[in-house]
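As structure tokens, the structure follows; a few thoughts come after it.
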Amino acid sequence: MRLAKSKYYDANYLAKIVNIQHFENHPNPEVTRLKLAPIGGYRVVVDINSKPGFYVYFPTLSQINPDFLRYASLFRDTTLNANPEKKGFFEKNGKVTAIKLKGQVSEGFLIEFEIFNNWLIDSVNKTVEPIEDEEFDCVEDENKTFWVNKKYIVPTQIHHSNIGGRQREKKPKGISKLVDGQFRFHYDTTLIKKCPYVISPNDILSITEKWHGTSGISAYVLCHTRGNWKFKQKLIAFIAKILGNNVNDLDYDYIYSSRSVIKNEFANPGKGFYECDVWAEADKVVRNKLTKGMTLYYEIVGYLPTGAYIQKDYDYGCVPPTEGETYTHDKHFRVMVYRITLTDPDGNVHEFSAKEVQQWCKNNGLHPVVEMYYGYAKDLYPDIPQDEHWCDNFLARLANDKSFAMEQPSPECRNNVPHEGLVLKTEKMRSEAWKLKCFAFLQGELKDETANIEDNA
């Protein structure tokens, strides 16, 4: 038996084994019954009697297996607990929340590894050894796998059979049109607090606003042109070999998708969860700007063609379309480009720098994400000493910097809604980005039980 990562895991919601040897005092000296457990860039408030040792950390907005919560008697509803005399603080949905305790933010849930291991013994009569910093979301036991935690998704009625969960394992009809290595989905953006030491003082840093919408991708890449049947393709190749001809069945074609689902008619016909294809509308805005091999990654914000919000209350200066009105870019919705790549015929990828993305968008009449800072990281806060604590101090300062609208209302929205946060990129690692979310936004996510368009698309 071993701890493992599921096939479609999200790095931001993995559980983690941590070895905590040192705790921090609560910032309020009058609080004597609580202390802080540091986990990367996070702090979890724990009881003053918590002892050094191995723990399992569950991140905010993850969902813990109810069997474990029942075993550990962690439900608020005591009738759900193995020991009905014990009362926990988890609701029935098992969602991990972020809270303030005596003025200190506590992000995530921490429990002794011994309790977790005892649950495994009780469940499958086997045990595991704790490995510091090991991340996982499931347990593999021989030919069986059961989940431990996962990203919390608001329960909702799924209207379209081609979306959601592990259905992605089933290859959609017509998908063989794609050429290996030509089209790529966007990588998951990691929370910077999971890995605070990726940024150093001498890095050239780009900081952009993070907007709350739904991800879209538009590409103009090499595709198969002679149909989707493998037999047909093999037959063509066989005839070409006999005749001594070099038959090329490749040509450039347009592909568009959501964060993880190709939306072209050949792949996923239909309108999707919201009974409208907002990704097709966004693709119309950018398609004629694409050159051979180019892929654009962007955020779609504002309103859907139906008049509903793409993300509840986040208008970003847009207005809902009225009945019979043409759905219009910049009026009803906006497309904000945050990443551009060029893929050559051999599958080699050139990543645009942050400055190149900004300039290309301006040259082509498209909106780049709003850039709030570009320069050396050390120059943003020159008073912070460049010692072993620089990363921690830098992120702590940035997380509460009002000039970046942190913990402030979204500067782009008419509605009074929390700013989502920031995206950080360095020029030395242009293919990676990290996000820093506002606590006020995170609290809104925790309270809101509205279905998220990205989670259900």
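Please treat every number below as a calculation from the coordinates, not as lab data. Predicted model only: the values in this text are computed from it and were never measured. Note: ideal-geometry Cβ built from the backbone for every residue, glycine included; neighbour counts use all protein chains shown.
Here are a few things to note about the model shown:
- In sequence order, calculated HN-Hα J values of segment 77-86 (Karplus, 6.51, -1.76, 1.60; Hz; x Gly/Pro): 6, 5, 5, 8, 8, 4, 10, x, 7, 9
- Within segment 301-391, the GluC sites (Glu not before Pro) that combine a DSSP coil assignment with at most 16 other C-beta atoms in a 10 angstrom radius are Glu323, Glu325, Glu388.
- Taking amide hydrogens as placed 1.01 Å from N in the peptide plane, the amide H of Cys223 sits under 5 Å from those of Asp251, Tyr252, Asp253, each at least 5 positions away in sequence or on another chain.
- Once both labels are positioned 7 Å from their Cα atoms along Cα-to-Cβ, the gap between Lys151 and Asp251 label points is 3.6 nm.
- Stretch gain in nm, segment Lys102-Val319, where the contour uses 0.36 nm per residue and the Cα spacing is subtracted: 74.1 nm
- Gyration tensor verdict on segment 331-457 (Cα atoms; rounded if a/c is under 1.5, prolate if a/b is larger than b/c, oblate otherwise): oblate
- Order of Phe185, Phe441 - criterion: other Cβ atoms within 10 Å of each residue's Cβ, fewest first: Phe185, Phe441
- Subtracting the Cα-Cα distance of Ser260 and Ser6 from 0.36 nm times their residue separation leaves 89.8 nm of extension gain.
- Mean-position separation - Cα centroids, segment 419-442 and segment 1-22, in angstrom: 21
- FRET efficiency estimate (nearest 0.05) - Cβ-Cβ, Lys126 to Asp47, R0 30 angstrom: 0.50
- Computed lengthening from Thr306 to Arg414, 0.36 nm per intervening residue step minus Cα-Cα distance: 36.9 nm
- Cα-centre dipole for the chain with unit charges at Cβ (Lys and Arg positive, Asp and Glu negative), debye to 20: 1100
- Mean Kyte hydropathy of -1.0 or more with a Cα span along the axis of at least 27 Å, helices from DSSP in the chain: none
- Hz values of 3J(HN,Hα) by residue in segment 409-426 - Karplus curve (6.51, -1.76, 1.60), Gly and Pro given as x: x, 4, x, 9, 9, 6, 5, 7, 10, x, 4, 5, x, 10, 10, 10, 9, 10
- Restraint check, Lys16/Lys102; Lys100/Lys435; Lys100/Lys193; Lys35/Lys210, Cα-Cα greater than 23 Å: Lys16/Lys102; Lys35/Lys210
- Phi-derived couplings, Karplus 6.51 cos²θ - 1.76 cosθ + 1.60 at θ = phi - 60°, listed residue by residue for segment 201-208: x, 8, 6, 7, 10, 10, 10, 10 Hz, with x used for Gly and Pro.
- Here's the picture: charge each Lys and Arg Cβ at +1 and each Asp and Glu Cβ at -1 in the chain, and of Asn348, Phe54, Ala377 the one pushed furthest to the positive end of that dipole is Asn348.
- Computed over segment 2-151, the alpha-carbon pair-distance distribution with 10 angstrom bins reads 11, 39, 38, 11, 1, 0, each value a whole percent.
- Pairs spanning more than 31 Å between alpha-carbon atoms, out of Lys144/Lys428; Lys51/Lys86; Lys312/Lys362; Lys151/Lys292; Lys292/Lys378: Lys144/Lys428; Lys151/Lys292; Lys292/Lys378.
- The helix-based estimate of mean residue ellipticity at 222 nm for the chain, built from -39,500 (n - 2.57) per DSSP H run of four or more residues and divided by its residue count, is -4500 deg cm²/dmol to the nearest 500.
- Förster-model FRET efficiency, 22 Å R0, Asp188 and Met372, C-beta, rounded to 0.05: 0.45
- Modelled label positions at Asp346 and Glu388, each set 7 Å beyond Cα in the direction of Cβ, lie 4.5 nm from each other.
- What separates the Cα centres of segment 288-317 and segment 48-69 is a distance of 37 Å.
- Val31/Phe89 FRET efficiency (R0 22 Å; Cβ-Cβ; nearest 0.05): 0.75
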